[in-house]
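The values are calculated or read from the model by the stated rules, or taken from the named source; none is laboratory data. Bear in mind that the values here come from a model prediction, so they are computed numbers and not experimental data. Cβ atoms come from the backbone with ideal geometry, glycine included; neighbour counts cover every protein chain shown. Quick note on the areas: whole protein, heavy atoms, side chains included, nothing else; ligands and nucleic acids left out. Shrake-Rupley method; radii C 1.70, N 1.55, O 1.52, S 1.80 Å.
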Amino acid sequence: MKKLKLVVLLSSLAASGVAMAQAEAPKAPEPDYTLAYNIGAVTDYRYRGISQSRGRPALQGGIDFAHKTGFYVGTWASTIQWVKDAGGSSDAEVDIYGGYKFTGGPIGFDVGVLRYLYPNADISPSPFTTEIYVAGTWGPATLKYSHAVTNLFGFADSKNSYYVDLSAAFELPWWGLTFNPHIGRQNVENNSSSSYTDWSLGLGKDFGNGFSASLAYVDTNTSNYVGAGKNLGKATAVLGVKYSF
């Protein structure tokens, strides 16, 4: 009987030791960097409320490199139509960007630079644009300011144009949906008739395994952006799907 009690006691101690070892096991170290890819499609590529694809579907994709220190670089591309509508040859937009993310108290900051490229654009003034930006996120809301240090998207004498936008992401209690309201103001320097306000209301769903989808109502208060006779700022619904890996 004493022998049986001793075996049970030793077994209990061994099990406790295993449990403690598991509880005290060190966490896996944070990777020095992450490399992520994404591909997707939208029924209409809307940027700052204006259609870049003349109301047609667009294919999109990107690559992002992020270091644990907060520095990041990336590139993203989409099919477009507006440069051809302006008399050019480009049917693609390629963005290259880099920046630094950090926190200050409850606010997450993001500062960086973004270059918009339109290969073989062949229009003047050039649509190539460079912006610097700063953003702050507090809870679900993000406020961002973007400032053009070149002409803006082919507008003559438009250096120092800016865009201010306020967006948010609220988790809803149904089906894992997120609600994404947005409002922005584009100021085009020395082209006041081309300045405008845009807004959108969106829903997003993460299906897991890298798949996500979104549906948004997008509108602006301008009719001065036209392509092939179409008002590119007219209200529309946009459906998008994306796969990240």
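Here Asn224 meets each of (1) assigned to a loop (DSSP other than H, G, I, E, B); (2) crowded, with 17+ Cβ neighbours inside 10 Å; (3) free of Cβ contacts under 8 Å to residues at least 40 places away in the same chain with one exception, condition (2).
For the stretch 204-245, the candidate set comprises residues that are over 18 Å from Thr43 (Cα atoms) and aromatic (Phe, Trp, Tyr); within that set, the residue that is nearest to the chain's Cα centre (by Cα) is Phe245. Just the residues that are without any contact (Cβ under 8 Å) to a residue 40 or more places away in the chain, assigned to a strand (DSSP E or B) and either crowded, with 17+ Cβ neighbours inside 10 Å or of a type in the set (Asp, Glu) (or both), please, taken from the stretch 80-100. Those that are without any contact (Cβ under 8 Å) to a residue 40 or more places away in the chain, assigned to a strand (DSSP E or B) and either crowded, with 17+ Cβ neighbours inside 10 Å or of a type in the set (Asp, Glu) (or both): Asp95, Tyr97, Gly99. The residue that is surrounded by the fewest Cβ atoms within 10 Å (Cβ to Cβ), among those in the stretch 106-120 that are modelled with pLDDT of 95 or more and in a loop (DSSP other than H, G, I, E, B), is Pro106.
Please tell me if Gly70 is over 25 Å from Gly233 (Cα atoms) and either within 15 Å of the chain's Cα centre (by Cα) or open to solvent by 60 Å² or more (accessible area, probe 1.4 Å) (or both). Judged against the criteria, Gly70 is not a match.
In the stretch 139-154, the residues that are open to solvent by less than 40 Å² (accessible area, probe 1.4 Å) reach residues that are among the small types (Gly, Ala, Ser) and not in a strand (DSSP E or B) with C-beta atoms within less than 6 angstrom, at least six apart or across chains, in these pairs: Ala148/Ser161; Leu152/Ser158; Leu152/Ser161.
Quick grid of which residues meet (1) charged (D, E, K, R); (2) assigned to a strand (DSSP E or B); (3) loosely packed, with under 15 Cβ neighbours inside 10 Å; (4) in contact with a Ser or Thr (Cβ under 8 Å, 6 or more places away or on another chain):
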residue: Trp175; (1), (2), (3), (4): no, no, yes, no
residue: Thr178; (1), (2), (3), (4): no, yes, no, no
residue: Glu189; (1), (2), (3), (4): yes, no, no, yes
residue: Ser214; (1), (2), (3), (4): no, yes, no, no
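Across the stretch 191-201, which residue is most open to solvent (accessible area, probe 1.4 Å) among those that are in contact (Cβ under 8 Å) with a residue 24 or more places away in the chain and farther than 13 Å from Arg48 by Cβ? Across the stretch 191-201, the extreme among qualifying residues is Ser193.
Taken over the stretch 227-245, the residue count meeting the criterion of being in a strand (DSSP E or B), open to solvent by 40 Å² or more (accessible area, probe 1.4 Å) and not small (Gly, Ala, Ser) is 6.
Of all the criteria given as (1) touching a strand residue (DSSP E or B) at 6+ places or on another chain (Cβ under 6 Å); (2) under 21 Å from Ala58 (Cα atoms); (3) charged (D, E, K, R), the one not satisfied by Lys230 is (1).
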